[in-house]
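Participant: What follows is a structure written as structure tokens; I'll ask about it next.
The values are calculated or read from the model by the stated rules, or taken from the named source; none is laboratory data. Computed from a predicted model, the values in this text were never measured in an experiment. Every residue, glycine as well, gets a Cβ built from its backbone with ideal geometry; the counts of neighbours run over all protein chains shown. These area figures cover heavy atoms from the full protein model, side chains too; ligands, DNA and RNA do not enter into them. Shrake-Rupley method; radii C 1.70, N 1.55, O 1.52, S 1.80 Å.
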Amino acid sequence: MAVPSVHLWRQREVVTAATMNGVRDVHRFLYTPPACKVIARQRGTYSGANPAEAFERGRWVPFNTWCSFPWHLPGKGSRPSEEYDTTGGSMTAPNDSGILWRLIAPEDGLYAVTFGGVMDANGEANNAHFRLGRNQTVDSQWSTGYAPFASHSPGRARYAQDGTAQFIGSISTTVALKRGETVSAAGVSDKDFILGRYNLPGRSFLEMRWVGRLV
């Protein structure tokens, strides 16, 4: 649904059905603005953690290399009840394998973007880094100064259930996007890593929501 026009009322204006339909459309859009949340599809793996659902299963993601993070389609991830696309698919464009690499802005506007990521280097990483980027198509673009628009160097945390140290970080920001522009997330580590762990679902996610018009 396109962003509806806001009606400017005039003194002594005669109210018509078309006028009220326009008011209704504005409220309907603001009640369910374009928004999408997806859960990470585990990228890379290691011995003893090789789920069939993992992308690039059987190997680590290489160290010191920026790598885009893959995502499940809404409702197909590890937390279906928390995943959604209010546009019915306009914010997602999976590849032939059903994997998402980016979320799409269906309309011009300001978008609130939130990313939460878990980077597991089997307790070996010295440094880790997350980034959000606009219109990314290849991993090499993460090293440029233009496409990334937000970043975070996460602190190290330790999971209580098995004691494995991992890097957990989040980014919340607002970015201006034109219709058709995309948002992706990526990470880099000093050691080979995987994104998240499939046996700890829902800890890595990407969410994007329309929050205002472009001036």
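Participant: Go through (1) in a loop (DSSP other than H, G, I, E, B); (2) touching a Gly at 6+ places or on another chain (Cβ under 9 Å) and name the single condition residue 39 misses.
Facilitator: Evaluating residue 39 over (1) in a loop (DSSP other than H, G, I, E, B); (2) touching a Gly at 6+ places or on another chain (Cβ under 9 Å) leaves (1) as the failure.
Participant: Hey, residue 150 hits all of (1) more than 23 Å from residue 90 (Cα to Cα); (2) modelled with pLDDT under 85; (3) small (Gly, Ala, Ser) but one; which does it fall short on?
Facilitator: (2)
Participant: Let me ask you something else. How many residues, within segment 3-36, are at pLDDT 75 or above, under 30 Å from residue 76 (Cβ atoms) and not in a loop (DSSP other than H, G, I, E, B)?
Facilitator: 2
Participant: Report yes if some residue within segment 103-123 is of a type in the set (A, V, I, L, M) and open to solvent by 40 Å² or more (accessible area, probe 1.4 Å); otherwise report no.
Facilitator: For segment 103-123, residues of a type in the set (A, V, I, L, M) and open to solvent by 40 Å² or more (accessible area, probe 1.4 Å): present.
Participant: Quick one: how many residues across segment 56-68 are open to solvent by 30 Å² or more (accessible area, probe 1.4 Å) and either within 28 Å of residue 210 (Cβ to Cβ) or at pLDDT 90 or above (or both)?
Facilitator: Qualifying residue count, segment 56-68: 1.
Participant: Also: Would you check if residue 71 is modelled with pLDDT of 80 or more and closer than 25 Å to residue 126 by Cβ?
Facilitator: Here the answer is no, as residue 71 does not meet what is asked.
Participant: Would you point out the residue of segment 190-215, among those that are open to solvent by less than 60 Å² (accessible area, probe 1.4 Å) and in contact with a Cys (Cβ under 9 Å, 6 or more places away or on another chain), that is farthest from residue 99 (Cα to Cα)?
Facilitator: The residue in question is 193.
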